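In what follows, a structure is listed as structure tokens, so that the remarks can point back to it.
The values are calculated or read from the model by the stated rules, or taken from the named source; none is laboratory data. Since the model is a prediction, treat every value here as computed from it, not as a measurement. All Cβ positions, glycine included, derive from the backbone under ideal geometry; neighbour counts span all protein chains shown. For accessibility, only protein heavy atoms count, side chains too; no ligands or nucleic acids. Shrake-Rupley method; radii C 1.70, N 1.55, O 1.52, S 1.80 Å.
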Amino acid sequence: MGIDDLKLYSVKVGEGSGVLFQPMNKLEYTYILTAKHNLYIEKPNERGVDEKQLLNDLIIYIQKQEVPIKLELKENDTYFPHKDADIAILKIAFLEGYEKIYSNTSFSELTNTDLCGYPGYLKEKATLSEKYNSFKIDSFKNESSKLCRAQLIDTTKEQTQISGFSGGGIMKIENNTISLFGIQSEVTSQVPNGEIEFVPIKYFDDIINYPENKDKLWLLLPPYMGSFIYLKDKAFNIDAGIDDEDISFTRAYLKSKANEVITSGITPIYIKEYFKERLLLNESESFKLNNELIYLTWLEFICIINIAKDKGHCSKDLEDVFNTLRLIYRDTDANWQDPDFLTECILYDYPNLKIGGTVMIKTNKLPIKADIRHYKIDKESIIPRIDYLKNQFEKGNIGDIFIDNASNELKEFAFEKYNFIHFEYIKEFLLVANSKDYSAYNTKNIEALKDKLKKEYGKLFSI
């Protein structure tokens, strides 16, 4: 995903702009997030006084479509305005291919972020692509009364050049997805050149939660947050290379276990709302709780637990499991056994995790080598890197070693309390690295395969 994708998600809404957003639903509708004032026109009333009146029809131009959409505006049906802020949701028929966008409420840092849309000064251009433009944002300035102000990198941009961006997205490419921070608001004379105002994305939740909109709008979350069914085909996509045939039946069996999770009532949104920041190693990155990789990993995680415990877990079982076996995601390409990463593991508190429990770490990349030492750190392991960190911890050189700053109570060293395993161990090491052990399994001896996996996973997790 690159900068051109910002253009694909940006739409022209009448004389302004908007952003395509696929919400958490059954793919029945797609939303356009825009500025409310784009949907009104100044018309004389019966007394001949100009006033804002809602358009009957709105013309929407989309980069991938040659023919524009003509949307009849019906309040609380196709058009859902905010009562105070200059934002609105438009609901159109489902458009495929716009699920890679996420709402991001952490806008204090807007580096490498773009204001995207269709400025008025380009309206005479021949094609929709030529009418599009984006301005780089330098920094966040302040927030007041549902409006945020930001500084463009080009401080000389006049408001006449920004006009038409209204409704356009404040967007950024992150980890092969688009983060949407807010929607550009109406330009006012009080905004200096080189500055913009936008409504933060969190205020769209107000619209969704209005009583009159109950059961009419879905949350601004990706579709897969509503059901694991959207992630099923991505689960256990394990490749053993030239030995792939050896694990083909086992892989098919693991994939079939995903159906148990789908029908269990457990959903990604349930996991997110129940565990919250406990899902992340770095709690300051809570906006990443919508990351698809977290919930794909959880789908595989619950499948493995179901095998190890020989039962289908439901939502009420997850807290007990989580107190013994913790799954934590860190959005990084770094080696999980690098000193900086291990230091983060030391600083984390692991609330309610029982002593002797296992911490499974999921990162964006596999460990460096297909060697058990690169996938596991057993409790009280004596290896040079851990030994050095323990020494630094005991000297007080790593974080705060005191609990609640009480000098008579010290924190324990995490690697003496818990086992640590990279999540991909259950696939890349147990299966791929030992693929020959699974070559004889098929439909005739599936019970033997179940027993083997139950033994392997049960031993691994000590449950």
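Condition first: open to solvent by less than 80 Å² (accessible area, probe 1.4 Å), modelled with pLDDT of 90 or more and within 30 Å of the chain's Cα centre (by Cα). Can you find one or more residues in segment 44-57 that meet it? No: zero hits.
With respect to (1) surrounded by fewer than 13 Cβ atoms within 10 Å (Cβ to Cβ); (2) modelled with pLDDT of 85 or more, the lone exception for N408 is condition (2). Can you confirm whether S189 is out of contact with any strand residue (DSSP E or B) (no Cβ under 8 Å at 6 or more places or on another chain) and at pLDDT below 90? Considered against the rule, which asks whether it is out of contact with any strand residue (DSSP E or B) (no Cβ under 8 Å at 6 or more places or on another chain) and at pLDDT below 90, S189 comes out as yes.
I'd like to know if segment 76-94 contains one or more residues that are in contact with a strand residue (DSSP E or B) (Cβ under 6 Å, 6 or more places away or on another chain), among the hydrophobic types (A, V, I, L, M, F, W, C) and open to solvent by 60 Å² or more (accessible area, probe 1.4 Å). Checking segment 76-94: at least one residue is in contact with a strand residue (DSSP E or B) (Cβ under 6 Å, 6 or more places away or on another chain), among the hydrophobic types (A, V, I, L, M, F, W, C) and open to solvent by 60 Å² or more (accessible area, probe 1.4 Å). What's the total number of residues in segment 130-152 that are open to solvent by 50 Å² or more (accessible area, probe 1.4 Å) and of a type in the set (S, T, Y)? Number satisfying all stated conditions: 2. Looking only at residues in segment 356-374 that are modelled with pLDDT of 90 or more and among the hydrophobic types (A, V, I, L, M, F, W, C), the one that is surrounded by the fewest Cβ atoms within 10 Å (Cβ to Cβ) is L366.
Return only the number of the condition from (1) within 17 Å of Y203 (Cβ to Cβ); (2) basic (K, R); (3) surrounded by fewer than 22 Cβ atoms within 10 Å (Cβ to Cβ) that K70 does not satisfy. Only one criterion in (1) within 17 Å of Y203 (Cβ to Cβ); (2) basic (K, R); (3) surrounded by fewer than 22 Cβ atoms within 10 Å (Cβ to Cβ) is unmet by K70, namely (1).
Evaluate segment 263-279: report whether one residue or more is under 21 Å from Y457 (Cα atoms), open to solvent by 40 Å² or more (accessible area, probe 1.4 Å) and at pLDDT below 90. Scanning segment 263-279, I find no residue that is under 21 Å from Y457 (Cα atoms), open to solvent by 40 Å² or more (accessible area, probe 1.4 Å) and at pLDDT below 90, so the answer is no. Scanning segment 412-442 for residues that are in contact (Cβ under 8 Å) with a residue 24 or more places away in the chain, outside any helix (DSSP H, G or I), of a type outside the set (D, E) and closer than 18 Å to L460 by Cα yields Y418, N419, F420, I421, H422, F423, A433. Residue pairs whose Cβ atoms lie under 6 Å apart, sitting 6 or more positions apart in sequence or on different chains, and linking a residue in segment 14-28 that is free of Cβ contacts under 8 Å to residues at least 60 places away in the same chain and farther than 24 Å from Y132 by Cα to a partner that is part of a strand (DSSP E or B) and open to solvent by 10 Å² or more (accessible area, probe 1.4 Å), do not occur here. Taking residues in segment 296-312 that are within 15 Å of T324 (Cβ to Cβ), and partners anywhere that are open to solvent by less than 30 Å² (accessible area, probe 1.4 Å) and aliphatic (A, V, I, L, M), the pairs with Cβ atoms closer than 7 Å and at least 6 places apart or on different chains are F301/L327; I302/V261; I302/I266; I304/I426; I305/V321.
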